[in-house]
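Asker: So that we are looking at the same thing, I have put the structure below in structure tokens.
The values are calculated or read from the model by the stated rules, or taken from the named source; none is laboratory data. Everything numeric here is computed off the predicted structure, so don't read it as measured data. Cβ atoms come from the backbone with ideal geometry, glycine included; neighbour counts cover every protein chain shown. We work out accessible area using only protein heavy atoms, side chains counted, and drop any ligands, DNA or RNA first. Shrake-Rupley method; radii C 1.70, N 1.55, O 1.52, S 1.80 Å.
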Amino acid sequence: KTDLVTVYQEAAANNADHNYLLGQRAELARLRHTVARAEHATALAFAAAQLHSADHLAHQTDAIATELRVLQAAGTFLEQPRLTLPASAATALSPMTGAALAAIARTPFVLTVIHASERSTFLRSMELLHDAATEQHRHIHWCDAAGDPDEALTTPIADQRGSLLDTHRQLSEGEWTPTPGTIMVVDHAADAPPTIIADLAEAAAANQTRLL
């Protein structure tokens with residue numbers, strides 16, 4: 001009788017172990033399925049991100065090419081002597097603005113980006129730059145990206161003024177070619193089409209001209 005009880009107990013234990021093993025196998029299968037689904041979702045998300053990036057780059061190809069044109073022209077070294085500001089610049093501008101203008105004047109590369117928080121300060125700085133250019137026999141061509149130049153401006157800021165579109169057309173059609181040492185100023189440059197800026201930058205680089 002004791003042996004019979006022992007057999008029943010062992011059978012019950014074996015059955016419990018078997019059921020536990022089946023349960024663990026089922027749990028393992030469930031986990032594997034969950035992991036597979038997660039991996040599949042991750043792969044789909046990654047593929048979608050890659051396609052989005054590729055699509056974005058495809059749509060930005062022209063813009064990227066234009067930026068590269070500007071950057072390549074911008075770094076062209078100019079062989080002309082650096083401009084030096086007149087003595088009046090020391091008292092006409094604040095020390096910070098005067099130092100910034102002096103740095104702009106002596107920059108030896110084609111493209112220089114200028115930002116001024118006050119229009120009056122910008123125009124006064126350009127007047128002083130024009131004085132320096134005139135004294136050193138350099139020509140300043142001023143073009144306005146916002147349209148025709150402001151006729152209300154009486155400040156002597158340039159030797160020649162016109163709209164950006166006219167300047168671009170004249171360059172493109174060969175009606176006007178800047179001489180080495182010329183300084184082209186694009187006023188309201190944020191309004192200018194990037195391709196036109198790229199064309200002007202390349203023309204400046206080809207003719208040893210600065211573009212501000």
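Asker: Could you please find all residues in the range 106-135 being outside any loop (DSSP other than H, G, I, E, B), under 16 Å from Pro81 (Cβ atoms) and in contact with a Phe, Trp or Tyr (Cβ under 9 Å, 6 or more places away or on another chain)?
Answerer: Phe109
Asker: Just the residues that are under 29 Å from Asn207 (Cα atoms) and part of a loop (DSSP other than H, G, I, E, B), please, taken from the range 73-102.
Answerer: Once the filter is applied, which keeps residues that are under 29 Å from Asn207 (Cα atoms) and part of a loop (DSSP other than H, G, I, E, B), the range 73-102 yields Gly75, Thr76, Leu78, Glu79, Gln80, Pro81, Arg82, Leu83, Thr84, Leu85, Pro86.
Asker: If you take the residues in the range 123-146 that are among the charged types (D, E, K, R) and surrounded by fewer than 22 Cβ atoms within 10 Å (Cβ to Cβ), which one is nearest to Leu93 (Cα to Cα)?
Answerer: Applying the filter and picking the extreme gives Arg124.
Asker: Would you say Thr154 is modelled with pLDDT of 90 or more, open to solvent by 70 Å² or more (accessible area, probe 1.4 Å) and more than 25 Å from the chain's Cα centre (by Cα)?
Answerer: So Thr154 does not fit the description; no.
Asker: For Ser172, are the conditions met, namely being touching a helix residue (DSSP H, G or I) at 6+ places or on another chain (Cβ under 8 Å), small (Gly, Ala, Ser) and open to solvent by 60 Å² or more (accessible area, probe 1.4 Å)?
Answerer: Yes, satisfied.
Asker: Okay, moving on. Kindly evaluate Pro180 against the criterion of being closer than 19 Å to Phe77 by Cβ, at pLDDT 90 or above, in contact with a Phe, Trp or Tyr (Cβ under 8 Å, 6 or more places away or on another chain) and open to solvent by 20 Å² or more (accessible area, probe 1.4 Å).
Answerer: no
Asker: Could you list all residues from the range 183-212 that are of a type in the set (Val, Ile, Thr), assigned to a helix (DSSP H, G or I) and either within 20 Å of Ala105 (Cβ to Cβ) or open to solvent by less than 40 Å² (accessible area, probe 1.4 Å) (or both)?
Answerer: Ile196, Ile197
Asker: Being open to solvent by 40 Å² or more (accessible area, probe 1.4 Å) and touching a Lys or Arg at 6+ places or on another chain (Cβ under 8 Å): is that true of Arg119 here?
Answerer: No: the conditions fail for Arg119.
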